[in-house]
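> The structure follows.
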Amino acid sequence: MQRKLRMGMVGGGKDAFIGAIHRHAANMDGLIELVCGALSINPEIARESGKMLFLPEDRTYLTFEEMISNESKLPADKRMDFVTIVTPNFAHFTPAMLALEKGFNVIIEKPMTFTLDEAKQLKKKVEQTGLVLCLTHTYSGYPMVKQAKQMVKDGVFGKIRKVWVEYPQGWLSKLTEREGNAQAAWRTDPKKSGKSGCMGDIGTHAAHLAEYITGLKVTHLCADLNVMVQGRVLDDDGNVLLKFDNGAAGVLMASQVAAGEENALKIRVYGEKGGLEWAQHEPNTLLIKWLDQPAQVLRAGGNYGDRLSSYATQNCRTPGGHPEGYLEAFGNIYRNFALSLSAKIEGRTPSKEALDFPGADDGIRGMAFIDTVVASSQSKEKWTEFKV
């Protein structure tokens, strides 16, 4: 395609964290340009944010309704191609649904919606319209996560038997939401975050990573959610036992009161012949362990096409030895979305590698995970069926 894709943004103004990350990711490959935004519910912040991002005044909107409506009336060669939604959880569904109804593709932060029913409605609308929806489960964008997925899919480890995934953070070890921390305030508020805190925020990432790498689906779980900080309403810690559709067993731990931890996401997967280990703190490395031979270390690098899958090398940006991390993984999600959407606009078939990004089905399973974890934690039964 002989032009960049045009992006609009809902949320993500100067007082936000994740909006800037999305813009960095979108800009990384030169495939996308930000052309409009409804960047804050605060009119002053919305206007100031638009100026900081060099948006025209007439395309710096004060509400997402105004933005989506006005953009839909512009000529096809001027209007946005898609909208990125980077608001708190409770404000995902309405702008996403309106965008789809007006013919715009959507990128949306996880979890996809506030409730499972909303997620199902979005999927139905995506199917009806034929538009593209991308969910930013960032960790599936890392090259060595994609390498792990392909090795499992190719049967390198035999039948998968065991999955351990852990996601400890420590930033909510105090009652930070009452100390002026805006990020903590909305994440611990059930009216804005939903029925779960820690499990909704980071447990969904861990669950998605486990299913993404293994290709398996959780069928039953046994959850124990905890509120460790006195005065907090939603869970800030939890442990979950998992059963997968091939008979494999799993353990998922997520905590935001693991004092001293930063963002220590880690997964281990074991099959009949061996296993793998990947950690977000050292994302360029994939450790392979064998039953009957020494362990191996695989490293990310665009020049390692002789030893890595096409899915991994497609998402490597530099030769081996040059660190790539969170922003690059985020950028890979955006690039794959952009390549797929551009191909669709041109009537071409995207590559299988470009199509490898999370979508509406992942969003539904994320919401079902939250519902099932909360139900299990409140139940006296050992196992709760995972229902989508």
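Residue-wise test of (1) within 21 Å of the chain's Cα centre (by Cα); (2) surrounded by fewer than 21 Cβ atoms within 10 Å (Cβ to Cβ); (3) under 11 Å from residue 165 (Cβ atoms); (4) not basic (Lys, Arg).
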site: 206; (1), (2), (3), (4): yes, no, yes, yes
site: 223; (1), (2), (3), (4): no, no, no, yes
site: 229; (1), (2), (3), (4): no, yes, no, yes
site: 240; (1), (2), (3), (4): yes, no, yes, yes
site: 245; (1), (2), (3), (4): no, yes, no, yes
site: 255; (1), (2), (3), (4): yes, no, no, yes
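> Looking at segment 363-380, I want the residues that are free of Cβ contacts under 8 Å to residues at least 40 places away in the same chain and have a partner that is crowded, with 22+ Cβ neighbours inside 10 Å with Cβ atoms under 6 Å, at least 6 apart or on another chain. Which pairs are those?
Final answer for the pair search is none.
> Continuing with the same structure: Within segment 251-300, which residues are in contact with a Pro (Cβ under 7 Å, 6 or more places away or on another chain) and farther than 27 Å from residue 230 by Cβ?
284, 300, listed by residue number.
> Just to be sure, is residue 87 of a type outside the set (Lys, Arg), under 20 Å from the mean Cα position of the chain (by Cα), part of a loop (DSSP other than H, G, I, E, B) and more than 23 Å from residue 340 (Cβ to Cβ)?
So residue 87 passes the test.
> Still on this model: Tell me which helices (runs of 4 or more DSSP H) are completely within segment 110-199 and hold 2 or more residues being within 30 Å of residue 317 (Cα to Cα), or say none if there are none.
Those helices (runs of 4 or more DSSP H) span 143-153.
> Let me ask something else. Would you mind finding the one in 94, 113 that is polar (S, T, N, Q) and surrounded by 21 or more Cβ atoms within 10 Å (Cβ to Cβ)?
113
> Same structure, new question: Among the residues of segment 77-92, how many are under 16 Å from residue 194 (Cα atoms) and either in contact with a Pro (Cβ under 8 Å, 6 or more places away or on another chain) or without any contact (Cβ under 8 Å) to a residue 40 or more places away in the chain (or both)?
Counting residues in segment 77-92 that are under 16 Å from residue 194 (Cα atoms) and either in contact with a Pro (Cβ under 8 Å, 6 or more places away or on another chain) or without any contact (Cβ under 8 Å) to a residue 40 or more places away in the chain (or both) gives 3.
> In segment 334-370, what residues are under 17 Å from residue 29 (Cα atoms) and either in a helix (DSSP H, G or I) or touching an Asp or Glu at 6+ places or on another chain (Cβ under 7 Å) (or both)?
334, 335, 336, 337, 338, 339, 340, 341, 342, 343
> Would you point out the residue of segment 338-358, among those that are crowded, with 20+ Cβ neighbours inside 10 Å and touching a helix residue (DSSP H, G or I) at 6+ places or on another chain (Cβ under 9 Å), that is nearest to residue 242 (Cα to Cα)?
Checked segment 338-358; the qualifying residue nearest to residue 242 (Cα to Cα) is 358.
> Let me ask another. Answer yes if at least one residue in segment 56-72 is in the same structural domain as residue 125 (by TED's automatic domain parsing), under 22 Å from residue 122 (Cβ atoms), in contact (Cβ under 8 Å) with a residue 24 or more places away in the chain and of a type in the set (Val, Ile, Thr), and no otherwise.
Scanning segment 56-72 turns up at least one residue that is in the same structural domain as residue 125 (by TED's automatic domain parsing), under 22 Å from residue 122 (Cβ atoms), in contact (Cβ under 8 Å) with a residue 24 or more places away in the chain and of a type in the set (Val, Ile, Thr).
> So which of 337, 369, 357 is touching a Pro at 6+ places or on another chain (Cβ under 9 Å), of a type in the set (Phe, Trp, Tyr) and modelled with pLDDT of 95 or more?
Answer to the check: 369.
> I would also like to ask the following. Of all residues in segment 1-24 being of a type in the set (D, E, K, R) and not in a helix (DSSP H, G or I), which is surrounded by the fewest Cβ atoms within 10 Å (Cβ to Cβ)?
The extreme case among them is 3.
> Does residue 50 count as in a helix (DSSP H, G or I), in contact with a helix residue (DSSP H, G or I) (Cβ under 8 Å, 6 or more places away or on another chain), within 29 Å of residue 326 (Cα to Cα) and of a type outside the set (Asp, Glu)?
yes
The values are calculated or read from the model by the stated rules, or taken from the named source; none is laboratory data. Every value quoted in this text rests on a predicted model; they were computed, and no experiment measured them. All Cβ positions, glycine included, derive from the backbone under ideal geometry; neighbour counts span all protein chains shown.
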